[in-house]
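The structure appears below as structure tokens.
The values are calculated or read from the model by the stated rules, or taken from the named source; none is laboratory data. Quick caveat: nothing in here was measured; it's all calculated off a predicted structure. Here the Cβ is made from the backbone with ideal geometry for all residues, glycine too, and neighbour counts use every protein chain on show.
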């Protein structure tokens with residue numbers, strides 16, 4: 001998941017270290033930018049969500065009316081979509097990062113790499129399992 005605070009730090013780092021940029025400051029709310037970008041994905045995400053959930057509901061409740069299912073799916077989806085953290089978990093991270101990079105390139109003349117985003121995390125923010133995996137990969141890489 002792309003964390004707004006981490007992304008802001010990565011953006012500020014990239015701006016500070018890039019000579020050919022359109023601006024040297026970033027004062028936008030990253031959360032709002034991500035929400036605007038994900039709004040473009042809403043129909044596709046709802047399509048995937050409803051398709052999967054429809055099958056689950058149909059298998060659990062035989063004879064349920066399609067309009068009842070549709071209504072419940074819309075309510076459930078809107079509830080998740082309006083929760084910003086849930087929304088960011090629902091959208092494809094790779095696609096969102098590509099959209100964010102297109103936005104940043106156009107407006108600021110920069111882009112973010114996965115390694116920059118990773119290095120922008122504080123150690124305490126990285127889940128233990130991922131930290132262990134990264135340490136093992138680094139150990140393997142050095143051998």
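Within the range 103-128, the residues that satisfy the criterion of being assigned to a helix (DSSP H, G or I) and either at pLDDT 85 or above or surrounded by 13 or more Cβ atoms within 10 Å (Cβ to Cβ) (or both) are 103, 104, 105, 106, 107, 108, 114, 115, 116, 117, 118, 119. Taken over the range 2-28, residues that are surrounded by 11 or more Cβ atoms within 10 Å (Cβ to Cβ) and touching a residue at least 24 places away in the same chain (Cβ under 8 Å) amount to 17. Among the residues of the range 7-53, those that are farther than 28 Å from residue 115 by Cβ and in contact with a helix residue (DSSP H, G or I) (Cβ under 6 Å, 6 or more places away or on another chain) comprise 46, 49, 50, 53.
Only one residue in 93, 109, 63 is touching a residue at least 12 places away in the same chain (Cβ under 8 Å) and on the phi > 0 side of the Ramachandran plot. Which one? It is 109. Which ones in the range 1-39 are farther than 20 Å from residue 93 by Cβ and in a helix (DSSP H, G or I)? 12, 15, 16, listed by residue number. The one condition from (1) in contact with a helix residue (DSSP H, G or I) (Cβ under 9 Å, 6 or more places away or on another chain); (2) over 30 Å from residue 22 (Cβ atoms); (3) at pLDDT 95 or above that residue 131 does not meet is (3).
Kindly check whether there is at least one residue in the range 66-88 that is closer than 21 Å to residue 111 by Cβ, touching a residue at least 24 places away in the same chain (Cβ under 8 Å), in a loop (DSSP other than H, G, I, E, B) and within 25 Å of the chain's Cα centre (by Cα). Taking every residue of the range 66-88 in turn, none turns out to be closer than 21 Å to residue 111 by Cβ, touching a residue at least 24 places away in the same chain (Cβ under 8 Å), in a loop (DSSP other than H, G, I, E, B) and within 25 Å of the chain's Cα centre (by Cα). Sub-6 Å Cβ pairs linking a first residue in the range 40-51 that is in a loop (DSSP other than H, G, I, E, B) to a second residue that is surrounded by 12 or more Cβ atoms within 10 Å (Cβ to Cβ) and modelled with pLDDT of 95 or more, at least 6 apart or interchain, are 41/91, ordered by first then second residue.
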